[in-house]
Amino acid sequence: MLPNQPGANNFGPRIMQLADHLAQWSEQEGALTVTYFSQAHKKVAAELDLLLRAAGMEARTDPLGNVIGRYAARVPNAKTLLLGSHYDTVRDGGKYDGRLGILVPLVLIEHLHRSGQQLPFNIELLCFSEEEGVRFPIGYLGSQAIAGKFDPQNLDKTDDNGIPLRKVLEEAAVDVNSLGILARDAADLIGYVEIHIEQGPSLLAANVPLAVVTGIAGDVRHRIAVTGEAGHAGTVAMQFRHDAAAAAAEMILALEKRCSGQDSLVGTVGQLVVPNGAMNVIPGRCEFSTDIRAATNEMRDAAVMDVLVACNEISRTRGVKVEATEVLRMPAVPLSPFLQERLAASAKRLGVEPLLLPSGAGHDAAMMASLCESAMMFVRCGNGGVSHSPREIITEDDADFAARVLFDFLVSMADEYDA
Ligand SMILES: [Zn+2]
């Protein structure tokens, strides 16, 4: 027996209403900020627990704050399909980033529950407690643990007030030595599917509501320090200067040029400083960061190498010194071709040819892919594609469409399990 299709357009308004509802808890007046284990964070977790139960799930909150709902299969010993995303936010963030991936499955499970239907597999809704890495410089804390990748060194990382994660967890009566037990056994799992707002303008530009994500880009980050020679801004003639900031400017333009024009390749200098700079002093030192990403490690690494070579050449011609320190290297994560096909087929059945997009941003699916077959769908982002901002919006129709596609996907999976 296949689940009954819902009536027309009844998911969209409910998703929007729930997103507004969850956005009432924030640690910042007039802005949506929900960082790990803050009061607002705990409130959202408690509310999610209630919503999950009301939707017919058994709910629990694990020691790291992941809220997990289980909607049982109609048969015993069934496998489990994982759905979900994160409920923490960046500072002054948007109300759909992460939460959309919780609320879409939630309304579908509400529908299944109300119409008295169960599937031939369990559904677990994973509301991850921490993905953004705002309070602690970690990121993916919730999904890391469930994927069995929790790194105990994370416990010693500190927030802006110097409080280590270990202390925050111990104060919440968490046994920090037993976090390994949160890891799931892949043998029980069908896979993981995450819906997320696109956080970019591709769908908007293509006038398509939904994309199937092909893979998650991995980034390589460097800190680059350029050392020149400080001098008097009035007395040193231009031809005698070794201006560290001017050299850095040329390096940044070289990065921008090298990272332009290739499909998923992007390069960013997000930090740029002249330490102890003054208006009347030729910069003796300039420091900047680089972040280079692409859908494949090969494309990315080739760009990183070229940018570093360009920095060296520029430093030679300008008579400055350049030092590059790699501070982060995340591998690109391919997503499950099988699940991608199934999701794309569902969108097509509902009359939309989905875009196929790589994800330039990291997501919980990057962690979950190390555990089980994982896939993602992106929902069109309004306002030019802005996210991590209060200007982040989606339409009710797009939310509804994403829900229908995921519902069709569940139906097709149920069909297969019944066969
Ligand atoms: Zn997110």
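The values are calculated or read from the model by the stated rules, or taken from the named source; none is laboratory data. Keep in mind that what you see is a predicted model, and the values were worked out from it rather than measured. All Cβ positions, even for glycine, are placed from backbone atoms using ideal geometry, and neighbour counts span all protein chains on display.
Regarding region 390-398, can at least one residue be identified that is on the phi < 0 side of the Ramachandran plot, in contact with an Asp or Glu (Cβ under 8 Å, 6 or more places away or on another chain), assigned to a helix (DSSP H, G or I) and more than 16 Å from the ligand (Cβ to nearest atom)? The answer is no, given that none of the residues of region 390-398 is on the phi < 0 side of the Ramachandran plot, in contact with an Asp or Glu (Cβ under 8 Å, 6 or more places away or on another chain), assigned to a helix (DSSP H, G or I) and more than 16 Å from the ligand (Cβ to nearest atom). Residue-level analysis places E194 outside the set of residues that are more than 22 Å from C372 (Cα to Cα), within 16 Å of the ligand (Cβ to nearest atom) and under 23 Å from the mean Cα position of the chain (by Cα).
Do you know which of the residues in region 126-144 that are more than 16 Å from H363 (Cβ to Cβ) and of a type outside the set (K, R) is surrounded by the fewest Cβ atoms within 10 Å (Cβ to Cβ)? If we take residues in region 126-144 being more than 16 Å from H363 (Cβ to Cβ) and of a type outside the set (K, R), then P137 is surrounded by the fewest Cβ atoms within 10 Å (Cβ to Cβ).
The residues on offer are V90, V107, and the sole one that is among the hydrophobic types (A, V, I, L, M, F, W, C) and either under 18 Å from the mean Cα position of the chain (by Cα) or in a loop (DSSP other than H, G, I, E, B) (or both) is V90. For region 72-97, which positions are within 15 Å of the ligand (Cβ to nearest atom), under 22 Å from L189 (Cα atoms) and of a type in the set (G, A, S)? Across region 72-97, the qualifying residues are G84, S85. Restricting the search to region 205-214, which residues are in a strand (DSSP E or B) and surrounded by fewer than 23 Cβ atoms within 10 Å (Cβ to Cβ)? Selection gives T214 alone.
Of the listed requirements (1) of a type in the set (A, V, I, L, M, F, W, C); (2) closer than 24 Å to A186 by Cβ; (3) away from the ligand (no atom under 16 Å from the Cβ), M330 misses just one: (3).
Just give me the residues in region 319-347 being surrounded by fewer than 20 Cβ atoms within 10 Å (Cβ to Cβ) and either closer than 14 Å to A254 by Cβ or hydrophobic (A, V, I, L, M, F, W, C) (or both), in sequence order. Result: A324, V327, L328, M330, F338, A345. Scanning region 110-130 for residues that are part of a loop (DSSP other than H, G, I, E, B) and either under 15 Å from V44 (Cα atoms) or of a type in the set (A, V, I, L, M) (or both) yields L119, S129, E130. For region 137-166, a tally of residues being aromatic (F, W, Y) and more than 16 Å from the ligand (Cβ to nearest atom) returns 1. For I102, indicate whether it is β-branched (V, I, T), under 26 Å from F150 (Cα atoms), in contact with a Ser or Thr (Cβ under 8 Å, 6 or more places away or on another chain) and more than 16 Å from the ligand (Cβ to nearest atom). The answer is no for I102. Annotation: of all residues in region 343-376 being charged (D, E, K, R) and more than 23 Å from D397 (Cβ to Cβ), the one that is farthest from the ligand (Cβ to nearest atom) is E373. Going by the structure shown, is A23 in the same structural domain as L182 (by TED's automatic domain parsing), surrounded by fewer than 22 Cβ atoms within 10 Å (Cβ to Cβ), more than 16 Å from the ligand (Cβ to nearest atom) and more than 22 Å from L210 (Cβ to Cβ)? Here the answer is no, as A23 does not meet what is asked.
A187 meets the conditions (1) small (G, A, S); (2) assigned to a helix (DSSP H, G or I); (3) within 22 Å of S387 (Cβ to Cβ) in every case but one. The failed one is (3).
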